[in-house]
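The values are calculated or read from the model by the stated rules, or taken from the named source; none is laboratory data. This is a predicted model, so every value here is computed, not measured. Here the Cβ positions follow ideal geometry from the backbone for every residue, glycine too, while neighbour counts run over all protein chains shown. Quick note on the areas: whole protein, heavy atoms, side chains included, nothing else; ligands and nucleic acids left out. Shrake-Rupley method; radii C 1.70, N 1.55, O 1.52, S 1.80 Å.
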Amino acid sequence: MLGPLTYGAPRAGLDADSAVGTPSPTPPMGWNSWDSYGTTVNEQQVKANADWMAEHLKAFGWQYITVDMEWFVTDPIPEGNAKDSHYQIDAEGRFQPAANRFPSSKDGAGFKPLADYVHGLGLKFGIHILQGIPRPAVKDNRPIAGSSYHAADAANTDGTCKWNYDYYDLKHDAAGQAYYDSIARLYAGWGVDLIKVDCIAFGPYKGDEIRMLSTAIKKTGRPIMLSLSPGPTPVDKEAEVERYATMWRISNDIWDIWHNDAFYPQGLNDQFAKVAAWASAPRNGHYPDADMLPLGYLGPAPGWGKPRETRLTHDEQKAFLTLWGIFRSPLMMGGDLPHNDAWTTSLLTNQEFLDVDQHARDTRVAVSSDKEVVWTSKPEDAAGYYLAVFNRAEQPQTLRYTWTQLGIPEATYHLRDLWKHKDLGPAREIVVTLAPHASVLYRLRP
């Protein structure tokens, strides 16, 4: 497994330019099917979400439509990972969209017709895969496209994802690389713009396969974003994942809860320590990913739990987005977009909030405890600061800080509440009274 790298420096035996993850000028923004559809999403539902995004969100920078896991399963269950799934797979061992769910994929078309539809709306198209090679390809020892190898040459049948049964692990050799090359060519031909690869960044971290996938994508010549999942990605692999991927998950799945003592799923309050550990990541086109946004309507078949409106209160929803924004995480909406109400839409189209996520720098944690957290960042092209204050406590709090306590130069700053779009006047310190789990997001101008 690869060790840590100095960012931008070649690893011994590896040319500096041989595998560099596709950068994104700003944290990617889009929609992913998992939170609302689990593994059951179909073509009509993907198109409905794409149509809604194009009409209501595209003007604000939202652009990715991603089909999450097991799109190749013909008989899916929402939570996925069944041991008796039935698959659609081609003669060369590559999963294909299930034609009963994605009818435009018939006759070998794959996802190209659906990607063309999404592109026709001015959006971009993504898919989810797992690391490794499909078990049925290995069972039948199918040939690997564009090579002299067969699936059995590439498979490590002693290894598999701990929570999914669709794949075996790959060998880290020429045969394994040939298989990744074959699927990358296929996806590039479909017009895929983002690949979310699962069971690779944690449980365990698979550095060789990250490098192999990045290499395969680069060979296609298509600028495909590589998203690594799930987390927590080890912090000591920061330089490596920055080099090979566009974004990488920093935690296990985050759902619409405040806290969970268990490892899965986790909630908003569990994320403060995770984002703090990654606060100093450079974000020079490559981004730590705090996971999807479980907002709005999570249905009709969510990947966890029953169909529902998000359990998060309005205060918690704002705190959720405020933390993701000040951290500069990618923003991937999980709720079913056509079900969005006016409240949810107002959150996703708040340009002042989006500017914090998309166009800031120097993110840092100024105050951190189990009761309160304060983050700051700087606007990209203007003077002043962004300021986020969170009440993690179970009771209301009045929080007061001098600018010096927050690492901000002493001065009189003019405050603007970015969620309320309201100027608050001049201040020489910050004083806020917050309900439990509430937050504020301010712009400070000299």
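Specify the residue that is nearest to Leu321 (Cα to Cα); the eligible residues are those in the stretch 366-391 that are of a type in the set (Gly, Ala, Ser) and not in a strand (DSSP E or B). Talk me through it step by step, then tell me what you get.
If we filter the stretch 366-391 for residues that are of a type in the set (Gly, Ala, Ser), which is where we start, we get 366, 368-369, 377, 382-384, 388.
Applying the additional criterion that residues be not in a strand (DSSP E or B) yields 369, 382-384.
Values: Ser369: 19, Ala382: 22, Ala383: 23, Gly384: 21 Å.
This residue is Ser369.
Scan (1) modelled with pLDDT under 95; (2) open to solvent by less than 50 Å² (accessible area, probe 1.4 Å) for the single condition Asp381 breaks and write down its number.
Looking at each condition in turn, Asp381 falls short on (2).
Within the stretch 392-399, is even one residue within 28 Å of Trp258 (Cβ to Cβ) and touching a helix residue (DSSP H, G or I) at 6+ places or on another chain (Cβ under 9 Å)?
Within the stretch 392-399, one or more residues are within 28 Å of Trp258 (Cβ to Cβ) and touching a helix residue (DSSP H, G or I) at 6+ places or on another chain (Cβ under 9 Å).
Tell me, which residue of the stretch 392-424 that is over 30 Å from Trp343 (Cα atoms) and part of a loop (DSSP other than H, G, I, E, B) is most open to solvent (accessible area, probe 1.4 Å)?
Among them, the one singled out is Glu410.
Somewhere in the stretch 165-184, is a residue open to solvent by 10 Å² or more (accessible area, probe 1.4 Å), modelled with pLDDT under 95, out of contact with any Pro (no Cβ under 6 Å at 6 or more places or on another chain) and under 23 Å from His86 (Cβ atoms)?
Yes, there is a match, as at least one residue in the stretch 165-184 is open to solvent by 10 Å² or more (accessible area, probe 1.4 Å), modelled with pLDDT under 95, out of contact with any Pro (no Cβ under 6 Å at 6 or more places or on another chain) and under 23 Å from His86 (Cβ atoms).
For the stretch 334-344, what are the residues that are part of a helix (DSSP H, G or I) and over 23 Å from Tyr442 (Cβ atoms)?
So the first thing to find is which residues in the stretch 334-344 are part of a helix (DSSP H, G or I), and the list is 337-339, 342-344.
Selection gives Leu337, Pro338, His339, Ala342.
Somewhere in the stretch 131-149, is a residue more than 30 Å from Glu55 (Cβ to Cβ), surrounded by 19 or more Cβ atoms within 10 Å (Cβ to Cβ) and of a type in the set (Asp, Glu)?
Looking for residues that are more than 30 Å from Glu55 (Cβ to Cβ), surrounded by 19 or more Cβ atoms within 10 Å (Cβ to Cβ) and of a type in the set (Asp, Glu), one finds none in the stretch 131-149, hence no.
Which condition from (1) part of a loop (DSSP other than H, G, I, E, B); (2) under 30 Å from Ala54 (Cβ atoms); (3) free of Cβ contacts under 8 Å to residues at least 24 places away in the same chain is the one that Pro113 breaks?
Among (1) part of a loop (DSSP other than H, G, I, E, B); (2) under 30 Å from Ala54 (Cβ atoms); (3) free of Cβ contacts under 8 Å to residues at least 24 places away in the same chain, Pro113 violates only (1).
For residues in the stretch 50-109 being of a type in the set (Asp, Glu) and in contact (Cβ under 8 Å) with a residue 40 or more places away in the chain, which is surrounded by the fewest Cβ atoms within 10 Å (Cβ to Cβ)? Show your work before the answer.
So the first thing to find is which residues in the stretch 50-109 are of a type in the set (Asp, Glu), and the list is 51, 55, 68, 70, 75, 79, 84, 90, 92, 107.
Checking which are in contact (Cβ under 8 Å) with a residue 40 or more places away in the chain leaves us with 51, 68, 70, 79, 92.
Working: Asp51: 17, Asp68: 25, Glu70: 26, Glu79: 14, Glu92: 18.
Of everything passing the filter in the stretch 50-109, Glu79 is surrounded by the fewest Cβ atoms within 10 Å (Cβ to Cβ).
Tally up the residues in the stretch 226-285 that are open to solvent by 30 Å² or more (accessible area, probe 1.4 Å), part of a loop (DSSP other than H, G, I, E, B) and either small (Gly, Ala, Ser) or in contact with a Leu (Cβ under 6 Å, 6 or more places away or on another chain) (or both), please.
Within the stretch 226-285, residues that are open to solvent by 30 Å² or more (accessible area, probe 1.4 Å), part of a loop (DSSP other than H, G, I, E, B) and either small (Gly, Ala, Ser) or in contact with a Leu (Cβ under 6 Å, 6 or more places away or on another chain) (or both) number 3.
Among the residues of the stretch 286-312, write down those that are outside any loop (DSSP other than H, G, I, E, B) and out of contact with any Lys or Arg (no Cβ under 9 Å at 6 or more places or on another chain).
Answer for the stretch 286-312, where residues must be outside any loop (DSSP other than H, G, I, E, B) and out of contact with any Lys or Arg (no Cβ under 9 Å at 6 or more places or on another chain): Leu293, Arg308, Glu309.
Within the stretch 193-216, is even one residue of a type in the set (Ser, Thr, Tyr) and open to solvent by less than 10 Å² (accessible area, probe 1.4 Å)?
yes
I need every pair where a residue in the stretch 427-446 that is buried (at least 20 other Cβ atoms within 10 Å of the Cβ) has its Cβ under 8 Å from the Cβ of a residue that is of a type in the set (Gly, Ala, Ser) and assigned to a loop (DSSP other than H, G, I, E, B), sequence separation at least 6 or different chains.
Between residues of the stretch 427-446 that are buried (at least 20 other Cβ atoms within 10 Å of the Cβ) and residues that are of a type in the set (Gly, Ala, Ser) and assigned to a loop (DSSP other than H, G, I, E, B), the close pairs are Arg443/Gly384; Leu444/Gly384.
Which residues, counting only those in the stretch 17-48, are part of a helix (DSSP H, G or I) and crowded, with 24+ Cβ neighbours inside 10 Å?
Of everything in the stretch 17-48, those that are part of a helix (DSSP H, G or I) and crowded, with 24+ Cβ neighbours inside 10 Å turn out to be Trp34, Asp35, Ser36, Tyr37, Val46.
Inside the stretch 313-331, can you point out the residues that are open to solvent by less than 10 Å² (accessible area, probe 1.4 Å) and not in a helix (DSSP H, G or I)?
Answer for the stretch 313-331, where residues must be open to solvent by less than 10 Å² (accessible area, probe 1.4 Å) and not in a helix (DSSP H, G or I): Ser329, Pro330, Leu331.
Among the residues of the stretch 332-345, are any out of contact with any helix residue (DSSP H, G or I) (no Cβ under 8 Å at 6 or more places or on another chain) and closer than 25 Å to Ser227 by Cα?
Checked against the condition, which is being out of contact with any helix residue (DSSP H, G or I) (no Cβ under 8 Å at 6 or more places or on another chain) and closer than 25 Å to Ser227 by Cα, the stretch 332-345 yields at least one hit.
Condition test on Ala301, is it open to solvent by 10 Å² or more (accessible area, probe 1.4 Å), over 29 Å from Gln45 (Cβ atoms), small (Gly, Ala, Ser) and touching a Ser or Thr at 6+ places or on another chain (Cβ under 8 Å)?
Taking the combined requirement at face value, the residue does not satisfy it.
Could you list all residues from the stretch 361-381 that are out of contact with any helix residue (DSSP H, G or I) (no Cβ under 8 Å at 6 or more places or on another chain), closer than 24 Å to Lys422 by Cβ and touching a residue at least 24 places away in the same chain (Cβ under 8 Å)?
Glu372
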